[in-house]
Amino acid sequence: WKYLLPGLIAGVCVSIVYLLTHPYPAFGAGLYLSMGEELIAQPFHLPETIPHYTDRGVPFAYPPLMLYVNGVFVSWLGVDPITYTRYVPNLVSVAALVPFYLFAETLLERRRAAGLATVLVAVMPPVLQWHISAGGIVRAPAYFLTLAGLYTGLKLFRSWNPRWLVASTLCFALTLLTHPMYATFFGVSYAWMWLSIDRSVRGFASGATVALGGGLLSSPWWVAVASTHGIDVFTGASAT
């Protein structure tokens, strides 16, 4: 804890500065909140489009996990949307420093170096821009899940323990259901860990199991989207 604590303090300080200087959330998340409202209104059926954005609405092909969570808090529990989009991203961004520290400590095998890395990540503008601002109601949880998956993946490739395989698969499935860009980063990171840590058949099988398992667990979403909008919606998004 003494090596993790400076990073957490730095993260809290950054969050306080953001909240004091932004009475309204930066990089508005109105579309995410609107999606959450639509999902909660018909929770067992994914809408084909989200109205009020463009003349014909926005085709709904977004990963739904955090959109459901947003809808529960704002639509069902009545949390003020301005308050929600200011505070939740900051809380999750600070919490994400914990799996980052665990990953860094496991990778570097030095607690002091891991603590310094955590402080640097806690104050790094490219990391903070999309995580503590309003869009962080989706991106910050995806960031947290990705970091958790990197930690469990590092453990997996070093020990082959089945519990790390299960944990990694769950993290990947949840990341797929949260944000596509982070899921891509997740997969590329696992390929890197296989090449640099455990370039064996067993290591390849572990990584493949995580990919296939995560894909299967998230399949109710992407199969429903593909059946409605076709696979072009995924290839078009991946082109960005």
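The values are calculated or read from the model by the stated rules, or taken from the named source; none is laboratory data. Nothing here was measured: the structure is a model prediction, and the numbers come from that model. Don't worry about glycine lacking a Cβ; one is built from the backbone with ideal geometry, like all the others, and counts go over all protein chains shown. Just the protein is used for accessible areas: all its heavy atoms, side chains included, with ligands, DNA and RNA removed. Shrake-Rupley method; radii C 1.70, N 1.55, O 1.52, S 1.80 Å.
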Give me the residue from region 12-35 that is buried (at least 19 other Cβ atoms within 10 Å of the Cβ) and within 18 Å of the chain's Cα centre (by Cα) and, out of that set, modelled with the lowest pLDDT.
A29
For region 83-140, please list each of the helices (runs of 4 or more DSSP H) lying entirely inside it that holds at least 3 residues being in contact (Cβ under 8 Å) with a residue 12 or more places away in the chain and surrounded by fewer than 23 Cβ atoms within 10 Å (Cβ to Cβ).
97-108, 111-122
For the list (1) touching a Gly at 6+ places or on another chain (Cβ under 9 Å); (2) not in a helix (DSSP H, G or I), I need the number of the one condition that R199 fails.
(1)
Does any residue in region 1-19 that is farther than 14 Å from N90 by Cβ come within less than 6 Å, Cβ to Cβ, of a residue that is of a type in the set (K, R) and surrounded by fewer than 18 Cβ atoms within 10 Å (Cβ to Cβ) six or more places away or on a different chain, and which pairs are these?
Y3/R111
Would you point out which residue out of L147, L170 is open to solvent by 30 Å² or more (accessible area, probe 1.4 Å), under 15 Å from the mean Cα position of the chain (by Cα) and in contact (Cβ under 8 Å) with a residue 24 or more places away in the chain?
L170
Of (1) closer than 30 Å to A114 by Cα; (2) open to solvent by less than 70 Å² (accessible area, probe 1.4 Å), G78 satisfies every one except (1)
Scan of region 212-240 for residues that are under 15 Å from T169 (Cβ atoms), in contact (Cβ under 8 Å) with a residue 12 or more places away in the chain, open to solvent by less than 50 Å² (accessible area, probe 1.4 Å) and assigned to a helix (DSSP H, G or I), ordered by number
G213, G214, G215
Hits in region 18-61 (condition: touching a Leu at 6+ places or on another chain (Cβ under 9 Å) and aromatic (F, W, Y)):
Y18, Y32, Y53, F60
Check L77 against each of (1) touching a residue at least 40 places away in the same chain (Cβ under 8 Å); (2) more than 23 Å from V210 (Cβ to Cβ) and name the one condition it does not meet.
(1)
